Amino acid sequence: MSFVKRLASFLFIFLVGFSVVACSNGNNTDKPKEEKTFQELKDSLDLVSVSEALTMSSSNKSFYLYGTVKEVTNATFGEMYITDGLNQIFVLSCYSKDGGSSYGNMTERPDELDEVILKVTLSEHDGLVEVSKAYLIGFNPVKNPEPDIPVHTHTFING
């Protein structure tokens, strides 16, 4: 192979390789992005408690709400009450982070007693502040302990 052909071949391979790296910003696009743990989300986001949210006026501005699921009243739409231990707020509907799935269609979804981080906007209904639409950013499931099973003992008397 002549020097010119080898040089052209080298330049072609170099440019193709450079183009692939440049287009992917140097990232390996085959690897999925690692999800943050719930604690990492809590530490990295500017979270608003339920009590703080209740003092805010309803607007189109969204923010991250942190609390515990007190009760799920409608498992299809994700109607639920979120609490911070002092106050509670009603969530009218809950969707996946990307908005593609409603609460009832999520494969993993929070339940009562789970900690949640929701991206929300507030609305007002009958003079009460509530969450009109929430996007589930993350949740920390509470592991329900196994119920205590009573142990029955029998005493046999040899008689």
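The values are calculated or read from the model by the stated rules, or taken from the named source; none is laboratory data. As the structure is a prediction and not an experimental result, all values here were calculated from the model. Every residue, glycine among them, receives a Cβ derived from its backbone with ideal geometry; neighbour counts consider all protein chains shown. The protein model used for the area step is the full one, side chains on, heavy atoms only, and it has no ligands, DNA or RNA in it. Shrake-Rupley method; radii C 1.70, N 1.55, O 1.52, S 1.80 Å.
Observations
- Dividing the alpha-carbon radius of gyration of the range 36-91 by the rule-of-thumb value 2.2 N^0.38 Å gives 1.20.
- Vicinal HN-Hα couplings computed from phi for the range 115-124 (Karplus, 6.51 cos²θ - 1.76 cosθ + 1.60; Hz; Gly/Pro x): 6, 9, 10, 10, 8, 10, 10, 9, 9, 10
- Heavy atoms of LYS119: accessible area, 1.4 Å probe, square angstrom to 10: 80 Å²
- When the pairs LYS36/LYS133; LYS36/LYS70; LYS42/LYS70 are compared against a 21 Å limit on Cα-Cα distance, LYS36/LYS133; LYS36/LYS70 fall above it.
- Accessible-area composition of the range 32-80, carbon plus sulfur, in percent [1.4 Å probe]: 49 percent
- When only the Cβ of Lys, Arg, Asp and Glu is charged (+1, +1, -1, -1), the dipole of the range 44-130 relative to its Cα centre reaches about 240 debye.
- Order of exposure, largest accessible area first, which applies to LEU122, LEU113 with probe 1.4 Å: LEU113, LEU122
- Mean Cβ neighbour count within 10 Å, used as a protection proxy, ranking 98-105, 87-94, 135-142 highest first: 87-94, 135-142, 98-105
- Accessible-area value, GLU35, 1.4 Å probe, nucleic acids and ligands omitted, Å²: 140 Å²
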